[in-house]
Structures are given as structure tokens and as C-alpha cells.
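Here's the structure, in C-alpha cells; my notes come after.
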Amino acid sequence: MSNYLHNYLSGEWQAQADAANLLRDPVTGEHIASTGGRATGLEAGFEFARSKGAAALQAMTYGERAAMLDQVLKVLQANRDAYYDISLANSGTTKADSAVDIEGGCFTLGYYAKLGASLGDARTLLDGTPAIYSKDKLFQAQHILTPARGVALFINAFNFPSWGLWEKAAPALLSGVPVIVKPATVTAWLTHRMVADVIAAGILPAGALSIVCGSSAGLLDQLRPFDVLSFTGSADTAVAIRSHDAVARHSVRTNIEADSLNCSMLGPDAVPGSASFDAYVNELVREMSTKSGQRCTATRRALVPSSVYGEVAEAVSARLAQIKVGNPRNEEVRMGSLVSREQYDNVQAGIRKLASEAKTLYDGSSQPLVDADPAVAACVSPTLFGVQDADQAALVHDHEVFGPVSTLLGYRDTAHALELAHRGLGSLVASAFSEDAAWLATTAQALAASHGRVHTVTPEVAKTQTGHGNVMPGSIHGGPGRAGGGEELGGLRALAFYHRRSAIQGSAQTLENLSATAKAWTV
């Protein structure tokens, strides 16, 4: 078939090169699209974004850029049916799982459009109140935030081709910083289609949004000191990025989201049949099965009181056994495939590795796939491991299997549970389930130092809580240590990455004039 994903640089769709990467339907193996290899015209494309895109965006007010985001959202909503078709074919996901990506991206765009509207006609953000440096109070200093003078380069992961773009692009464009996105090649079709639709609509100024679909070779070489870089992917690639001259020598501001051994914790008060017990089981099963476990926030370690370890294992296994895995075109299928056979091989290798120290509590591989050839399809059924004496586990605290896999770990008391949670060496999210709100508050504080987000659930919010793995734009997304040390979203906090903070010193009158086109920075 002829579905070549062209690069878009310097305000133009680039000529087709020899197909270097073939994108395949991960269920049927059918060739569905292709991309070129190393991109040409990168230097000119980056400079065009800096000179044309940034100038046009930063000539607008925050309110005008917010209105622009709202128009982008309307374009995406008008084309959402096509996006679901692409997600099905390119990512092998069910409609419900595609919605996590597609609707999640749209929701985040809409959120920042509304948030940006509150900034109105401002062109600068004020950070704090003036510091007074003279006895007559005439000489003062005011911190301000101004948009970065460069471009924002996004190197994204394969699991969220929609949300992964817009959760970064929304705050960047609202800040007035042009975007160059490099989606993971294996699932680049959806990102490419969305960018193409937005470009065709003529909403954004030239140079505001560009895309490179093939190889990432040469992208980092184009970065200059005032650019910013956001990366989502493996810890190994993150090491290479941090050692690149652009980052190590020229201090390009960089945000990294890497591996994360997220945990969930069942409180010591839970007993089988209690509301917290049932909510915990439901959430763990959802985390293992949503997008076939391919979420950076998915629960990899499930910490439960040793006294109910067996009951949790039995309840979760019974629920997992009901999940039909296979071709998402079949309405009976609840869990589709991984994104590729390469990822299938990686997950199978990870399962074998964890099996070397953990007991297999549930193995879904004996269940037949629905309308899918196991020799072709990248489908992996859920696997639940267990280590009742969690002190004897090592690999589960060090190795992430990026698929429908989780490990049940028994704990003796709260102190032991916290010790196990911290052994992840920094994660994006931890969750805790209990009917004891006081215990949850204390536990959340103890978890916060090593987790970017702590999600607590009592029975009263069990039906309305947003989910362990769901990232909401009003809360920060990122985590310390192993998780990369980055931070995204969090309402207006997200804009800080795309701004430069500077202290302006001068007379009170000078600072008053400065504030005429500024808005107080409040989060």
C-alpha cells in the first residue's frame, strides 16, 4: 500500500524518501504505512521554527494562543472517527483503550485552552511580588517569566501517539514556543495524521508545529542553548540524551520520563469482601489490562498485607481469567495486542526473567486468542506473579516488563510496605486503598518523596476517582530517580518548562510599566 508518512519541516511537507521503516498492523501483520530514514533539511527546519514560528506565536497574547488551542481541539474532534480507525490498525487497541489515548489528548488540549484563556491579554507572567532593595522603597526587583527563545523538541514513546503529543504541545504552544515532534516510528501514523489535519486547517502560524516520522538521527545535533527537549522512553536512551553535547555542554533544558516500577498498596485494614479490598482488585486488573499494560503509569508491583495475600491472588486471577485477548475488531475482545512483534519479544523475555524468582499466580497464555494467529499477532495475555516473602524479591524492584504483567508482594506492616515501595528508586505514581483516611494521609506523605503522584482511594470515592494510571492535566506527571526526574502538566506549572525566569531590577515606576502587560503567576 502507499501510505508514506512525510516529514513536515520549514512549513512544507518534505519529499518522499526511500521507505526505511514499515509500519504493520500488530494483530494481522499487514503493512499499513512507511516512513523514511534519517531526515533531510533538519537544520533549516529548526531554524525556521525558531525564527518564524516563535516570532508569530510570541506576537500573540496568552489568551489568543489559548483560543488557537481551542480551534485545534475542534479540528481533532471533527476527525476523531479516523483516529480510532488508525489506532485500531497501528496500535492494536480496543476502542476503549484507543479512547484513553485519543480522548485523553483532546481533554488535555481543552483543559489548557480554558486555563490559557484566564491569562487574557498578558504577554509576560509575573512571578511573586517585588522585592524592595532601598530604604525609600524606590529600587526594587520583580521576577518575570518570558517564553523560551527556541524550539521545543519532543521525542515521544510508542504507547500514546495522541496524548503523548498534546500533553506536551498544549502547554508549549500556549507558552508561545514552537513544537517539533518525533513520534516513535512504530506508531507514528496517528501522530502524523493529527498533525496533518491541524496543518491543513491553517490554524497555527508557519513553523509552530513540525513533525519528523522516521529516524531520530541528527535531531539532538540541531538543538541550541535556548531550545528545550522533552523525552519519554527507556532509561538507556535517557542516558544517551543526557550525555549529548546539547545537554551536557550547552545546557539545553531537558525533561525526561523513563522507566517506572509503580506500585499500589492495599491498606492493612482491608479484608476480603470489604469495599477497599474489592476496589483494589478492580483497579489492579484494570491497570494490567488497559492498553495491554503498555502505560508508563501501570501498576508493576502490588503490595498487600501478607494476611490477605492468598485472597488477593485468587480474586485478581479470577478476574483476569475473564478477559478475552485477541483481535480488537471482535467485539468480545477486551484486550488487544502490544504495538509490535518486537515489543512482544521484549515482554516475553521480561516474563521469563521475572519467573526466575517469582511464583506464577496466573498465566493467561493457555487461553486461546480470539480471531488472531499467535504466530503473527503481538498479543500477550495477562500474567500475575507473586512473592509472598517480598524481602526475597530483587528483580521485581529493578526490572519493568512493559506489558500486562504485575507482581503481588506481601508486606508485614506499614513500615515494611513503605520500604518496599521506595525500593522502586523513584516512580511516577503510587496508589493506596483503605477505609482509614488518616492512614492514607500519613502513607501518602511517606510515599511522596519517591513518587511524582500519590493516588489515594477510600470507598466514598471508589466510583468517581480518576484511576491509578490515568494522568490528569491538573496534577503533575513525572517522578524522581528511576522515573527520570522530570515533571510535566500540573496546570499552569507546565508552562514553567517553556519559560525563562529572570529578575528585573529597577525603579518602582519601571517595574510598574513592566507589569502593564503581565499577569500574576499563580498555580
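Some notes on this structure:
- Pairs of alpha carbons in region 343-417 whose separation is greater than 21 Å (percent): 32
- Residues with amide H under 5 Å from that of Leu361, placed H, sequence gap 5 or more: Leu384, Phe385, Gly386
- Accessible surface, per residue, of region 95-142 when the full set of protein chains is kept, probe 1.4 Å, Å²: 51
- Computed from backbone phi, the HN-Hα couplings of region 151-157 come to 10, 10, 9, 10, 10, 9, 8 Hz, rounded to whole numbers (Karplus: 6.51 cos²θ - 1.76 cosθ + 1.60, θ = phi - 60°; Gly and Pro given as x).
- Per-pair calculated FRET efficiency, R0 = 22 Å: Ala355 and Asp278 via Cβ, rounded to 0.05: 0.20
- Trypsin sites (Lys or Arg not before Pro) within region 93-183, DSSP loop, no more than 13 other Cβ atoms inside 10 Å: Lys135, Lys137
- The count of lysine pairs in the chain with alpha-carbon distances below 21 Å, taking only pairs 8 or more places apart or on different chains, stands at 13.
- When shorter helices are ignored and each DSSP H run of at least 4 residues is given -39500 (n - 2.57), the per-residue value for the chain at 222 nm works out to -10000 deg cm²/dmol.
- Top positive-direction residue, dipole computed over region 209-331 with Cβ charges, set Thr290, Val316, Val271: Thr290
- Cleavage-rule hits (chymotrypsin sites (Phe, Trp or Tyr not before Pro)) in region 130-196: DSSP loop, at most 15 neighbouring Cβ within 10 angstrom: Tyr133
- Secondary structure note: in the chain, about 40% of the DSSP beta bridges are antiparallel.
- Between the alpha-carbon centres of region 46-64 and region 364-398 there is a gap of 47 Å.
- Its residue count N sets the reference 2.2 N^0.38 Å, and the alpha-carbon radius of gyration of region 426-488 equals 1.11 times that reference.
- Residues whose placed amide H lies under 5 Å from that of Val151, excluding near-sequence neighbours: Asp227, Val228
- Here the Karplus curve 6.51 cos²θ - 1.76 cosθ + 1.60, taken at θ = phi - 60°, turns the phi angles of region 387-393 into couplings of 9, 5, 9, 5, 5, 8, 8 Hz, with x standing for Gly and Pro.
- Calculated from backbone phi, Karplus (6.51, -1.76, 1.60) coupling profile of region 205-214 in Hz, x at Gly/Pro: x, 4, x, 6, 9, 9, 9, 10, 9, x
- Net length available on complete extension from Trp13 to Ala503 is 172.3 nm, with 0.36 nm assigned per residue and the Cα-Cα distance removed.
- In this simple spin-label approximation, Glu419 and Val271 carry label points 7 Å from Cα along the Cα→Cβ vector, and these lie 2.7 nm apart.
- Prolate/oblate/rounded label for region 1-97 (Cα gyration tensor, a/c 1.5): oblate
- Crossing angle, helix 80-91 versus the chain [Cα axis fit, 0-90 degrees, rounded to tens]: 60
- Folded to 0 to 90 degrees: helix 188-201 orientation relative to the chain principal axis, Cα: 30
- Across all C-alpha atoms in region 458-514, the radius of gyration and Dmax reach 18.7, 56 Å.
- Packing order of peptides 338-350, 97-109, 457-469, highest average first: 97-109, 338-350, 457-469 (average count of other Cβ atoms within 10 Å over each peptide's residues).
- Checking every one of the trypsin sites (Lys or Arg not before Pro) in region 182-264 against DSSP loop status and a limit of 11 other Cβ atoms within 10 Å picks out Arg249.
- The share of accessible area on the chain that comes from carbon and sulfur is 51 percent, using a 1.4 angstrom probe.
- Spin-label model distance (nm) - Lys463 vs His143, 7 Å beyond Cα toward Cβ: 4.4
The values are calculated or read from the model by the stated rules, or taken from the named source; none is laboratory data. Worth saying up front: this structure is predicted, and the values here are computed from it rather than measured. Because the Cβ atoms are built from the backbone with ideal geometry, glycine has one as well, and the counts that use them run over all protein chains shown. Only protein heavy atoms, including side chains, enter the accessible area calculation; ligands, DNA and RNA are left aside. Shrake-Rupley method; radii C 1.70, N 1.55, O 1.52, S 1.80 Å.
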